[in-house]
Amino acid sequence: MYRQFKSTLPAFIALAALISTAGCGGNTSKTAAADTAKADSGKKPKYLSEPLIKSIYTADPSAHVFNGKIYIYPSHDIDAGIADNDNGDEYAMRDYHVLSMDSIGGKVTDNGVALDVKDVPWASKQMWAPDADFKNGTYFLYFPVRNKEDAFQIGVATSKSPVGPFRAQPEPIKGSFSIDPAVFTDTDGQAYMYFGGIWGGQLQKWISGKYDPNGSKTDNGQPNAPALSCKVVKLSSDMMHFDGKPQDVQLVDKNGVELSTKDHDRRFFEGSFMHKFNGKYYFTYSTGDTHYLCYAIGDKPMGKFVYQGVFLKPVQGWTTHHSIIEFNKKWYLFYHDTELSNRNHLRNVKVTELTHNADGSIALIDPFVH
């Protein structure tokens, strides 16, 4: 959910951002450039989907089905008057709202503030992309936020209602770091958390196992080495702690070779999610600076996962963050763009149908109508 480059233009015309990436030591992808230069004609884009809610800005939608109803746990974008900078300070979210809907295409309800940063004792600022789960009568809200030392950690809050209010634990989850928690409960009842993000997500500042505030601002600095990847860890039976040490999510190509740091079109950046389809585990994630949503498939929830391809082309706006649910025997992708504001840090959540093909692949989605 983080954007590093300084730009007041909607990144729907993100060719400039890609050029900036090359100047910062990244790679400029011809395919990404083609996909993100669509607005050069000056025509107003036609969007595949409409914003689910227009009364507030929302992003990073984590959707879940609880008791036959859809609940969406997004981050809540605000305009805090902070200029764009390489630290992502303009993404100054302070609280979470929970959205709910009885059906796809039906009325969307904003259930108000579910958790505020001022009610998290260890937190300082920037409540970024959350996730949620349910077990034994309790709803769990997992959230990343900067601690008093300015390092991101992951907290957990609980409620007896899916819409909150949620009460945060007095300390972050021990052993947690970075951003973008995504919790998946398998059919055997075991829950897993996937988390992490590079650049503003600080994953690269934890390479040594301890937080280094002066560490790299981007990645591991080794273009030909395996890229930094998402972390995965089992959750304890009470859903409040890590059960073991976080491990790397191993992402490999179809020849079994790990994706490299320089492979910006395919390597993990942030925004992971997990869903299960026909007995296979689908690890989905954002490539960040090349603006794709990609997927990889594995036989076990902790991997390894074999890269398959892109399933969502670049949206309008710099960031891409998503979730995938099954509802009434259909699958849906929740995502965000900047249709309402044309500003990268003021986003709106959307939903569209997602299709698994007969061979297990995911059909490519274009967020625009041509």
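Solvent exposure of the stretch 172-311 amounts to 39 Å² per residue of accessible area, where only protein heavy atoms count and the probe is 1.4 Å. Note on the chain: with a GNM built from Cα contacts shorter than 10 Å, the maximum mean-square fluctuation among ASP359, ASP79, ASP265 falls on ASP359.
Derived scalar couplings between HN and Hα for the stretch 145-160 equal 7, 6, 7, 5, 9, 6, 9, 6, 9, 10, x, 9, 10, 10, 7, 8 Hz in order, rounded to whole Hz, by the Karplus curve 6.51 cos²θ - 1.76 cosθ + 1.60 (θ = phi - 60°), x for Gly and Pro. Full extension of the chain between ALA80 and SER55 yields a length gain of 7.3 nm, computed as 0.36 nm times the residue separation minus the alpha carbon distance.
Under 22 Å of direct C-alpha separation, and excluding same-chain neighbours fewer than eight residues apart, LYS148 reaches these lysines: LYS118, LYS125, LYS174, LYS205, LYS210, LYS217. In order along the stretch 335-349, the Karplus-derived 3J(HN,Hα) couplings, from 6.51 cos²θ - 1.76 cosθ + 1.60 at θ = phi - 60°, round to 8, 9, 8, 10, 4, 6, 10, 6, 10, 4, 9, 10, 10, 9, 8 Hz, and Gly and Pro are given as x. With only the Cα atoms considered, the stretch 149-235 has a convex hull volume of 128 Å³ per residue. If you take all other residues with their beta carbon under 12 Å from the beta carbon of VAL183, and give Lys and Arg +1 and Asp and Glu -1, the sum is -2.
On full extension of the chain, what length is gained from LYS304 through THR187, given 0.36 nm per residue of separation minus the C-alpha to C-alpha distance?
40.2 nm
Put simply, the amide H of GLU90, placed in the peptide plane, has neighbours under 5 Å in ASN85, leaving out anything fewer than 5 places away on its chain. Computed with every protein chain present, the accessible area of GLU171 is close to 120 Å² [probe 1.4 Å].
Compute the Rg to Rh ratio over the chain from the alpha carbon atoms, using the Kirkwood formula for Rh, and round to two decimal places. In the chain, Rg relative to Rh is 0.92.
For the peptides 238-247, 146-155, the ranking by packing is 146-155, 238-247, with the highest mean count of neighbouring Cβ atoms within 10 Å listed first. Rg ratio for the stretch 199-281: its Cα radius of gyration over 2.2 N^0.38 Å, N being its residue count, equals 1.23.
Kirkwood Rh, Cα Rg: Rg to Rh for the stretch 233-370? So for the stretch 233-370, dividing Rg by the Kirkwood Rh gives 0.97. Given R₀ = 25 Å, FRET efficiency for VAL113-ASN67 by Cβ-Cβ distance, to 0.05? With a Förster radius of 25 Å, E is 0.70.
LYS280 contributes an accessible area of around 80 Å² to the protein surface, as traced by a 1.4 Å probe with all chains present. Of the residues THR158, THR355, ranked by 1.4 Å probe accessible area with the largest first, the sequence reads THR355, THR158.
With all protein chains kept in place, the per residue accessible area of the stretch 50-122 amounts to 41 square angstrom at a probe of 1.4 angstrom. Taking only protein heavy atoms and a 1.4 Å probe, the accessible area of the stretch 59-157 is 45% carbon and sulfur. Taking 7 Å steps out from each Cα toward its Cβ at ALA363 and ASP95 produces label points 4.0 nm apart.
Computed in the context of the full set of protein chains, the accessible area of the stretch 211-370 at 1.4 Å probe radius has 45% of its extent on carbon or sulfur.
The values are calculated or read from the model by the stated rules, or taken from the named source; none is laboratory data. Since this is a predicted model, take the numbers as computed values, not measurements. With ideal geometry, Cβ positions are generated from the backbone for all residues, glycine too; neighbour counts draw on all protein chains shown. Each accessible area value is taken on the protein alone, full model and side chains, heavy atoms only, with ligands, DNA and RNA left out. Shrake-Rupley method; radii C 1.70, N 1.55, O 1.52, S 1.80 Å.
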